[in-house]
Amino acid sequence: MNTADKIPSDARGINYTGAATCIKCHTDIGKSFVHNAHGLSSSMVANKDVSKCLETDSNSFAFDANMKVKIEKRDSGIYQVAYINGKQTRAQRFDVAFGSGEKAFTYAYWKGKKLFQLPLSHFSAIKTWANSPGFPIKVMYFDRPITSRCLECHSSFVKTEKKQVAALAMDEEMEKGSLIYGIDCERCHGPGKQHAVFHLENPEEKTAKFITIFETLTRKQKMDACGVCHSGNTLTTIQSVFNFQPGDDLDSFYAQDFVSFGGANPDVHGNQTAMLKGSMCYRKSEMTCQSCHNSHETVKGNMAIYSQRCISCHQNQKHTELTLAKGVLKTNCIDCHMPMQASKLISFQTAGNKNVNPYLLRSHHIGVYPGK
């Protein structure tokens, strides 16, 4: 049996090798990446991880005096269970988790070959369960579909099949067993089987062959590789971005909708590339996402490290006396020049509270903000 035959098959096709093969040679990167937000963008639900969210919470959400959803452990898993006047009306199991947990976890369940979002999400800032973003506030809603378009930015692949159900209507089915959770190595570096075979057969060769090296890409190609998932929610899809490989032109995959939030005023959720491109830092330099981010790292939230990356380009920056008085210039440039802002598209509601809570995310439009 030759080397290629020893590599496990991958749902994406014969040119792919899977992350389990990659980490045989890239052990340190693998150890870091399993804790990275990219690697954790989706996952199969492990009951022990959901149980951590149950330790200090009420584990229920009351929509009103009569309706509530409870989180319950049962023999076959952990469920979200709907009750009306104390009588169970619906129960669905936690099957898939979305998010790293830094901000929140939202969950989904499989029903045949379709995936649906559960009504409650767990928000880290309030350390409890709340109505899932965008869900109705007076209905226990279990029927919001999670399509392959969602998975294109929260996973690495899922096999789909389109079926015509009416003259102008199509239905989509997804193969549960083909879902590759998280954003894996080959999502960013391209198909890696030829690379893996070559280096397993030639371990003395230390120069990477047959794989995309980001340093060799143009500025646009680097930005496009990140923009696959970080270009916002208002884009019109021309073709599935599961087909995107580093070096491709993203304009062949997306068309921008300037009528809604993605145009001159991009939303802070998911549209980091457009916000960055509008920044003077980007426009007056050759910076890319990789100037500040290493996707293999697990340093998210470490203001001191990111601030040092700011200072590497802004060593002679002058500040006002008021700013200097804050005394945090070398350890936290970020909160002043990239503040947390409320998403226009995502919000949530806590039980018994009629007010809608903003979902705060880090702005990637680097600038000078009044009051900061």
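The values are calculated or read from the model by the stated rules, or taken from the named source; none is laboratory data. The structure presented is a predicted model; accordingly, all values stated were derived computationally and were not measured. Cβ coordinates were reconstructed from backbone atoms using ideal geometry, including for glycine residues, and neighbour counts include every protein chain displayed.
Here are Ala91, Ala97: which of them is aliphatic (A, V, I, L, M), in contact (Cβ under 8 Å) with a residue 12 or more places away in the chain and more than 30 Å from Ser9 (Cβ to Cβ)?
Residue meeting the stated conditions: Ala91.
Give all pairs with beta carbons closer than 6 Å in which a residue from the range 297-322 that is free of Cβ contacts under 8 Å to residues at least 24 places away in the same chain meets a residue that is assigned to a helix (DSSP H, G or I); count only pairs at least 6 apart in sequence or on separate chains.
From the range 297-322, the pairs are Val299/Ile305.
Which condition from (1) within 25 Å of Ser32 (Cβ to Cβ); (2) under 17 Å from the mean Cα position of the chain (by Cα); (3) among the aliphatic types (A, V, I, L, M); (4) crowded, with 17+ Cβ neighbours inside 10 Å is the one that Val268 breaks?
Evaluating Val268 over (1) within 25 Å of Ser32 (Cβ to Cβ); (2) under 17 Å from the mean Cα position of the chain (by Cα); (3) among the aliphatic types (A, V, I, L, M); (4) crowded, with 17+ Cβ neighbours inside 10 Å leaves (1) as the failure.
Kindly list the number of the only condition in (1) free of Cβ contacts under 8 Å to residues at least 40 places away in the same chain; (2) out of contact with any Leu (no Cβ under 7 Å at 6 or more places or on another chain); (3) small (Gly, Ala, Ser) that fails for Ser43.
The one condition Ser43 does not meet is (1).
Among the residues of the range 329-372 satisfying the criterion of being among the small types (Gly, Ala, Ser) and either free of Cβ contacts under 8 Å to residues at least 60 places away in the same chain or in contact with a Leu (Cβ under 7 Å, 6 or more places away or on another chain) (or both), which is surrounded by the fewest Cβ atoms within 10 Å (Cβ to Cβ)?
Filtering the range 329-372 down to residues among the small types (Gly, Ala, Ser) leaves 342-343, 347, 351-352, 363, 367, 371.
Adding the requirement that they be either free of Cβ contacts under 8 Å to residues at least 60 places away in the same chain or in contact with a Leu (Cβ under 7 Å, 6 or more places away or on another chain) (or both) leaves 342-343, 371.
On the way: Ala342: 15, Ser343: 18, Gly371: 5.
The residue in question is Gly371.
When the residues of the range 63-111 are narrowed to those that are within 22 Å of Ile346 (Cβ to Cβ) and aliphatic (A, V, I, L, M), which ends up surrounded by the most Cβ atoms within 10 Å (Cβ to Cβ)?
Ranking the candidates gives Val69 first.
Determine which single condition Phe142 fails, assuming it passes every other condition in (1) closer than 27 Å to Thr3 by Cβ; (2) among the aromatic types (Phe, Trp, Tyr); (3) in contact (Cβ under 8 Å) with a residue 60 or more places away in the chain.
Of the numbered conditions (1) closer than 27 Å to Thr3 by Cβ; (2) among the aromatic types (Phe, Trp, Tyr); (3) in contact (Cβ under 8 Å) with a residue 60 or more places away in the chain, the odd one out for Phe142 is (1).
With the condition kept exactly as written, say whether any residue in the range 234-250 is out of contact with any helix residue (DSSP H, G or I) (no Cβ under 8 Å at 6 or more places or on another chain), touching a residue at least 40 places away in the same chain (Cβ under 8 Å), of a type in the set (S, T, N, Q) and over 17 Å from His154 (Cβ atoms).
yes
If Phe33 satisfies every condition in (1) surrounded by 15 or more Cβ atoms within 10 Å (Cβ to Cβ); (2) in contact with a Gly (Cβ under 8 Å, 6 or more places away or on another chain); (3) at pLDDT 90 or above but one, which is the exception?
Status for Phe33: all satisfied but (3).
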